[in-house]
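Notes follow the structure.
The values are calculated or read from the model by the stated rules, or taken from the named source; none is laboratory data. Just so we're clear, the structure is a prediction, and the values are computed from it rather than from any experiment. Neighbour counts are summed over all protein chains in view; Cβ atoms, including those assigned to glycine, are modelled from backbone coordinates with ideal geometry. Protein only, heavy atoms only, side chains kept; ligands, DNA and RNA dropped before computing areas. Shrake-Rupley method; radii C 1.70, N 1.55, O 1.52, S 1.80 Å.
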Amino acid sequence: MFTACCALGLCMATEQLIAPGSLQLITPLHGIIVGSTLVVYDLPRLIPRPYGRPRPHQPLKKWYIFFFCTGVLLTGLSLLWLPLKMILLCAIMGMFAFAYFLPALPGRRKRLRDFGLLKILVLTSVWTIATTALPMMLYGAEPMHYPFEFALRFVLVFVLCVLFDLQDIPTDISYNIATLPHRLGERRSYLLVYVSLAVFVALSVAQYVRYPLMPQRSLAALLTAVATIWVALYVRRRPDRAIFIALTDGMMLLYAVLVLLPIPG
């Protein structure tokens, strides 16, 4: 549910850019964003693990079922109110999302996440399109007119994906998955994170130069970058899984909240 809130926040951050002053709290797109996130993140916990791997005991299985059913209901109802072109784009992203964790690829019947470099590109691209292109289409904006927003969102999600892959290196090695951090090594991967965050801030400044009416977006990017660096340093010293997930996913929500906060005066 927390990840669904993060996705919704990023979606609304895009809407605030293209439709300032007319932001709606409840729309069919918001239902799609929250519902599909719940489906994609809970379904893998409810089906047998691929390749015959045993699944450990799940004390929270009832909650997984509840959130999955809630996601299906939200997604199904919301689709009824979206135009056809948005439904088609959602369907394409849904195919990539399910292929990410289901061994459905032709040939060797592998998952997208079993291809380390492809994994991070697919995940980053799906999140970027879902939280950037879809809101623009809902409000009738032309996505190609907002290259900075696409680049900003891609870089931010990419950084968080690198951090997740760094945390998962032992597991990925055991499954013979050569992720980007596995290839680069820990030191270079963290350097990539810091350089990417600098690019994230630079893109936000460039966006402000191009569209100087929203200074809070540049400030939000700077504060988010600083917070993400702190998170990277913290989890590197204390790699507790639950804390790591909350802090890392929380950077998306932090950025969205900072963007949406009004500046007095």
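Here are the numbers:
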quantity: Residue, nearest to Leu8 (Cα to Cα), within region 217-261, restricted to residues that are of a type in the set (Lys, Arg) and open to solvent by 10 Å² or more (accessible area, probe 1.4 Å); calculated: Arg241
quantity: Among the candidates Ala198, Ala178, Ala130, residue that is on the phi < 0 side of the Ramachandran plot and not in a helix (DSSP H, G or I); calculated: Ala178
quantity: Residue in region 161-173 that is farther than 20 Å from Trp127 by Cβ and surrounded by 15 or more Cβ atoms within 10 Å (Cβ to Cβ) present; calculated: yes
quantity: Criterion violated by Met144 - all others in (1) open to solvent by less than 60 Å² (accessible area, probe 1.4 Å); (2) assigned to a helix (DSSP H, G or I) satisfied; calculated: (1)
quantity: Cross-chain or 6+ apart pairs with Cβ under 7 Å, region 195-215 first and surrounded by fewer than 16 Cβ atoms within 10 Å (Cβ to Cβ) and modelled with pLDDT of 85 or more, then assigned to a helix (DSSP H, G or I) and among the small types (Gly, Ala, Ser); calculated: Val205/Ser218
quantity: Filter result (in a helix (DSSP H, G or I) and over 13 Å from Val155 (Cα atoms)) within region 108-121; calculated: Leu112, Arg113, Asp114, Gly116, Leu117, Leu118, Lys119
